[in-house]
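What follows is calculated from the coordinates using simple rules that are stated; it is not laboratory data. Please read all numbers here as calculations on a predicted model, not as lab measurements. No Cβ is skipped: glycine too gets one built from the backbone with ideal geometry, and neighbour counts run over all protein chains shown.
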Amino acid sequence: MAFRGPPDSRARLDRKETLDSLELKGPRGGGAKGVKGDTGLQGPKGEKGSQGASANNGLGAKGVKGDTGLQGPKGQKGSQGASGNNGIGGTVYVRWGRKTCPSGGATMVYSGVAGGTHYRQTGGGTNYQCLPTDPQWGRYQNGVHGYSAYMYGAQYRIGTNVPFGSTYLDAHDVPCAVCYVPARGSKLMIPARKNCYSDWTEEYDGYLMANSHALDSATEYVCVDDNRETVPGGQADQASARFYPVEARCGALPCPNYVEGRELTCVVCTK
């Protein structure tokens, strides 16, 4: 665009532009330094810089472990887990003097005959056994050997009708049954009782029996069912283990309530 104006105005303008482009400064004058101006307004916030590089761990020693913090609040109760499998429970007992198990939850494992050590022998086992009627054999050598233990069948030895009522049992073989009760896990034979204590279930009651005190073989005490049976065809006075009634003897045994010479009852209980 062409300049329009007086010639001297054009000259002054050109001189000013020339001086501005050269940025010439004259010598500093001798006047005093001016007063510091007021602080200007804060400029706008700059853009966020990029993240710096990760620093290396310092060389200082590891600090002391702090105190344990307070326990947090109790968490919410979890959901119930899946039901587990039924465990193996129940209990097993021998019903002496019977070939079957009582009703009321018991099932029969097997039926058999009672056996034990000969009533005159001092060695061998002291506990009666309920022997199954279908034995199985492993390795064996036929013939009686002088230093073996012997197992004999067991017989009742009762010369009167007491304590089993009118049935005469002398020299009759003793049956037995092994019974399983799945719903109850404990068993207990209580001597001198005909009834179980509270919270226990009666399986059967009867009379306490063992070998005679006058004979050589000591045995355990067992509870023979009051509704006793015999093994068919087993009536003969043979070499055998024996079942005698057990009588109370006063002294260390408190009388009363026990009575001298009285046959002792018993009961088998489960829970």
Please arrange GLU263, GLU47 by how many other C-beta atoms lie within 10 Å of their C-beta, fewest to most.
GLU47, GLU263
The residues TRP200, TRP96, sorted from fewest to most surrounding Cβ atoms within 10 Å, come out as TRP200, TRP96
Among MET209, MET108, MET189, which comes first, then next, by fewest other beta-carbon atoms within 10 Å?
MET108, MET189, MET209
Add +1 for every Lys or Arg and -1 for every Asp or Glu among the other residues with Cβ under 14 Å from the Cβ of ARG184, and state the total.
-1
What does the charge count around VAL268 come to, taking other residues whose C-beta lies under 13 Å from its C-beta (Lys +1, Arg +1, Asp -1, Glu -1)?
+2
Under 25 Å between alpha carbons, and skipping anything fewer than 8 positions from LYS187 in its own chain: which lysines qualify?
LYS99, LYS271
Interchain or long-range residues, amide H under 5 Å from ARG249's placed H:
GLY261
So what's the gap between the Cα centers of the stretch 100-124 and the stretch 238-271, to the nearest angstrom?
19 Å
The stretch 68-158: relative contact order in percent, alpha carbon pairs under 8 Å with at least 6 residues between
24 percent
